[in-house]
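Heads up: the structure comes next, in structure tokens.
The values are calculated or read from the model by the stated rules, or taken from the named source; none is laboratory data. Since this is a predicted model, take the numbers as computed values, not measurements. In this analysis, Cβ positions are derived from the backbone assuming ideal geometry, glycine residues included, and neighbour counts consider all displayed protein chains.
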Amino acid sequence: MTALESEEPLLRRAVCPGSFDPVTNGHLDIIARASKLYDVVHVAVMINKSKQGLFSVEERLDLLRETTAEYGNVEVESFHGLLVDFCKQRDIPAIVKGLRAVSDFDYELQMAQMNNGLSGVETLFVPTNPTYSFLSSSLVKEVAAWGGDVTHLVPPLVLRRLTQRLAER
Ligand code: PNS
């Protein structure tokens, strides 16, 4: 039976991958916009064992689940392996990525071409909201660690956990 003959509705799926250490308002803007374009958006916390995060993978998943709950069609999971394998296992044909500036482009293009060459998965780039074009998890952590105000850059829950984590150090 082909997908067209099936009684199951064909769901349009996409993945928003990342490290999300922690999720920022910039990530959430891209996830929210993807959730309007696709039936199901998978948010994948890609595990990189050589990179020690400020938050554990479980903590990142928890923050993502809490902050994306309002969208209704977002599924959050972690994955250890290649992004193309995550996509293959779930029948996901598209990766959605935010592009903040030209500086993102070279590496993002390389990854998009590699992923397409490996499995045929497509990458769609969404221009970041200019409000967040300078924003990254690394900068948020650095500014917060030195006592800078990041209230406008992360959701309130992330701000609370970030403040708590930095105080523990
Ligand atoms: O938030 P980040 O750290 O910029 O996200 C980068 C990420 C996790 C999307 C990228 O490193 C990735 O896809 N990693 C999974 C491993 C993989 O598939 N590597 C080959 C990429 S072509």
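Does GLU7 satisfy the condition of being at negative phi, more than 16 Å from the ligand (Cβ to nearest atom), loosely packed, with under 15 Cβ neighbours inside 10 Å and outside any loop (DSSP other than H, G, I, E, B)? No. Looking at ASP21, ASP85, just one residue is charged (D, E, K, R) and part of a helix (DSSP H, G or I), and that residue is ASP85.
For the range 12-30, the set of residues classified as more than 14 Å from LYS141 (Cα to Cα), away from the ligand (no atom under 13 Å from the Cβ) and touching a Leu at 6+ places or on another chain (Cβ under 7 Å) is empty.
Just one of the listed residues (ASP62, ASP106, ASP85) is within 14 Å of the ligand (Cβ to nearest atom), closer than 20 Å to ILE30 by Cα and either surrounded by fewer than 18 Cβ atoms within 10 Å (Cβ to Cβ) or of a type outside the set (Phe, Trp, Tyr) (or both), and it is ASP106.
Matching residues to (1) farther than 26 Å from SER138 by Cβ; (2) touching a Phe, Trp or Tyr at 6+ places or on another chain (Cβ under 8 Å):
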position: ALA32; (1), (2): no, yes
position: VAL45; (1), (2): no, yes
position: LEU61; (1), (2): no, no
position: ARG90; (1), (2): yes, no
position: MET111; (1), (2): no, no
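Check whether at least one residue in the range 36-44 is more than 14 Å from the ligand (Cβ to nearest atom), surrounded by fewer than 14 Cβ atoms within 10 Å (Cβ to Cβ), at pLDDT 95 or above and under 29 Å from THR163 (Cβ atoms), and report yes or no. There is no residue in the range 36-44 that is more than 14 Å from the ligand (Cβ to nearest atom), surrounded by fewer than 14 Cβ atoms within 10 Å (Cβ to Cβ), at pLDDT 95 or above and under 29 Å from THR163 (Cβ atoms). Close Cβ contacts (under 6 Å, 6 or more residues apart or on different chains) running from residues in the range 10-26 that are under 16 Å from GLU58 (Cα atoms) to residues that are within 11 Å of the ligand (Cβ to nearest atom) and assigned to a strand (DSSP E or B) comprise PRO17/ALA44; PRO17/MET46; PHE20/VAL45.
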